[in-house]
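*Asks:* Below is one structure. I have some questions about it.
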Amino acid sequence: MDRISPRTPHPEELTRRVKVFPVIQGRKKSVANIWFFDSPKNQKRFAISGDLLFMSFVLLEGDPTVHCYDPSPSSVIVMRDREPTEVTAGAYVYFNDGQKQWWDFRYEGKKSISNNQELLSKLAAKNNGMEYHIQEEREVRNKQVLFDNWLNLCAGINRCRSIILHREIDCILKETQDSEISFRELMEMADDRALMFAAIATSLQRGVIFTNLENQLLGNQTILKRR
């Protein structure tokens, strides 16, 4: 099967479009940053409001135990004191083992949700077979290097998303089968460095290979190993 040219428009591009102006207009008086992010894991483009949410979702891209996530789930109805109440999660996170989590977000020094809202969210999560989780700012504060790495890796995947990477993936699997290899060595084997970078990023995202992305930026001396 021939590989698609990087310049060839892909039909899926139509599904990635996000109307920008309504998102900006809809934030009203909010001063939160708005991020437009192409998620390789979801194969969709999202409009994300707030740095904590954006960083959390980029980090989910690099978690091989996570299958996908929904950063803007629909509201659900829960009954409390016989009154129907609408509740909306900050995000849904779906894991490869079938586990599902209901996420709410909390910024440091500020209670983002009230006690009553938290109780309603916990009830809604339980009713929908989900574990309840509050994602706090402190959970991403010390992960700047990991975040920077995955932002870069996601960009690499997105640049080549319409191209079949079987040659590069096969090369990575072969070279890491019985030994480790450096990022530089893999890149030097490539006919196209952009494709090899995308294949490395995809292999890391799927958990096929691993390296230390928490304490050092991905670079020529990075050592890649098979899991």
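*Asks:* Scan (1) in a loop (DSSP other than H, G, I, E, B); (2) hydrophobic (A, V, I, L, M, F, W, C); (3) within 24 Å of Gln99 (Cα to Cα) for the single condition Ile163 breaks and write down its number.
*Replies:* Condition not satisfied by Ile163: (3).
*Asks:* Right, here's the next one. Any residue at all in region 141-151 that's outside any helix (DSSP H, G or I), under 18 Å from Glu61 (Cα atoms) and without any contact (Cβ under 8 Å) to a residue 60 or more places away in the chain?
*Replies:* Yes, that holds for at least one residue.
*Asks:* I've got another one for you. Give me the pairs, please: first residue somewhere in region 206-227 and more than 14 Å from Leu153 (Cα to Cα), second residue anywhere and open to solvent by 80 Å² or more (accessible area, probe 1.4 Å) and in a loop (DSSP other than H, G, I, E, B), beta-carbon distance under 6 Å, and either six or more positions apart or on two chains.
*Replies:* The qualifying pairs are Ile223/Glu180; Lys225/Glu180.
For every residue, the table says whether it meets (1) open to solvent by less than 20 Å² (accessible area, probe 1.4 Å); (2) out of contact with any Cys (no Cβ under 9 Å at 6 or more places or on another chain); (3) under 30 Å from Leu217 (Cβ atoms).
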{"position": "Ser74", "(1), (2), (3)": "no, yes, no"}
{"position": "Arg82", "(1), (2), (3)": "no, yes, no"}
{"position": "Glu86", "(1), (2), (3)": "no, yes, no"}
{"position": "Ala124", "(1), (2), (3)": "yes, yes, no"}
{"position": "Asn149", "(1), (2), (3)": "yes, yes, yes"}
{"position": "Asn152", "(1), (2), (3)": "no, yes, yes"}
{"position": "Ala155", "(1), (2), (3)": "no, yes, yes"}
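*Asks:* For residues that are open to solvent by less than 80 Å² (accessible area, probe 1.4 Å) and more than 25 Å from Gln43 (Cα to Cα), tally how many sit in region 202-215.
*Replies:* Number satisfying all stated conditions: 1.
*Asks:* Out of (1) open to solvent by less than 70 Å² (accessible area, probe 1.4 Å); (2) in contact with a Lys or Arg (Cβ under 9 Å, 6 or more places away or on another chain); (3) in a helix (DSSP H, G or I); (4) more than 23 Å from Arg45 (Cα to Cα), the odd one out for Ala194 is which?
*Replies:* Condition (4) is where Ala194 drops out.
The values are calculated or read from the model by the stated rules, or taken from the named source; none is laboratory data. Just so you know, these numbers come straight off a predicted model, no measurement behind them. Glycine gets a Cβ as well: all are built from the backbone with ideal geometry, and neighbour counts include every protein chain shown. Just so you know, the surface numbers come from the protein's heavy atoms only, side chains and all, with ligands and any DNA or RNA stripped out. Shrake-Rupley method; radii C 1.70, N 1.55, O 1.52, S 1.80 Å.
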